1. For a quick check of your reading of the model, give me the residue pairs whose first member lies in segment 75-100 and is under 12 Å from ILE123 (Cβ atoms), whose second is hydrophobic (A, V, I, L, M, F, W, C) and crowded, with 22+ Cβ neighbours inside 10 Å, with beta-carbon atoms closer than 6 Å and at least 6 apart or on different chains.
2. Go through (1) without any contact (Cβ under 8 Å) to a residue 40 or more places away in the chain; (2) more than 25 Å from LYS39 (Cα to Cα); (3) among the small types (Gly, Ala, Ser) for SER109 and report which single condition fails.
3. From the residues in segment 8-21 that are small (Gly, Ala, Ser) and open to solvent by 20 Å² or more (accessible area, probe 1.4 Å), which one is nearest to the chain's Cα centre (by Cα)?
4. Would you check which residues across segment 36-62 are in a loop (DSSP other than H, G, I, E, B) and basic (Lys, Arg) and list them?
5. Please work out if ILE5 is under 25 Å from TYR128 (Cα atoms) and in contact with a strand residue (DSSP E or B) (Cβ under 9 Å, 6 or more places away or on another chain).
6. Within segment 22-52, can you find the residues that are touching a residue at least 60 places away in the same chain (Cβ under 8 Å) and in contact with a strand residue (DSSP E or B) (Cβ under 7 Å, 6 or more places away or on another chain)?
7. From PHE116, PHE121, grab the single residue that is open to solvent by less than 10 Å² (accessible area, probe 1.4 Å) and of a type in the set (Phe, Trp, Tyr).
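The values are calculated or read from the model by the stated rules, or taken from the named source; none is laboratory data. None of these values were measured; they are calculated from a predicted model. Cβ sites come from the backbone with ideal geometry, for glycine too, and all protein chains shown count toward neighbours. In case anyone asks, the SASA skips ligands and DNA or RNA and just uses the protein heavy atoms, side chains included. Shrake-Rupley method; radii C 1.70, N 1.55, O 1.52, S 1.80 Å.
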Amino acid sequence: MSKEILFIGQALPEKPAKYPFARSRLYKWLESIEISKEKALEISEFNAILDYFPGKLGKADRTPSWKDIEHNRERLYSLIEQINPLIIVAIGKVATQAILNHQKKIELSSYVGKEFDIPPFGIGKRNYKTVVLPHPSGLSTWVYQKDNQTLLNASLAVIKQHLAFPNQDK
């Protein structure tokens, strides 16, 4: 099974949607780089750090711990090897921390807009092109903060570049 893009988020939602990230801005963002929702669903694989809903912590969804990440990274790395994507897209802080193998909390603005050539999760011998997107939830205000739209556009441009010139780094 080969897909061009592997999107990795934090966890599965409490109530599954018709398709991944259906209740978000992700497809609007992809349309800005000429990838329709239908095309995105065709060429992409969607997965998450946790392959289950982690439960609630108060009113919010429970954030996966580093222990959760360590428990799931072998599964995800195996999936990456199986899919062999042109690019991995980490969605949100937790997925970014996990894929870039950063145990401490991160500032998303330090990672969105940049391309990484890394062994995902700090394991394996092969590097994969990786880019970070903020979480596309309508509740997230990250995109509206100063200069963050520019960073988002830079990440989207990296995705577009890898789809336009797929053999440049394989």
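1. Note: pairs meeting the criteria are ALA98/ILE49; ILE99/ALA90.
2. Here SER109 clears every test but (1).
3. ALA11
4. LYS59, ARG62
5. Yes.
6. Within segment 22-52, SER24, ILE43 qualify.
7. After applying the criteria, what remains is PHE121.
Conditions (1) within 13 Å of the chain's Cα centre (by Cα); (2) open to solvent by 60 Å² or more (accessible area, probe 1.4 Å), marked per residue:
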position: LEU6; (1), (2): yes, no
position: ARG23; (1), (2): no, yes
position: PHE53; (1), (2): no, no
position: TRP66; (1), (2): no, no
position: ILE83; (1), (2): no, no
position: LYS104; (1), (2): no, yes
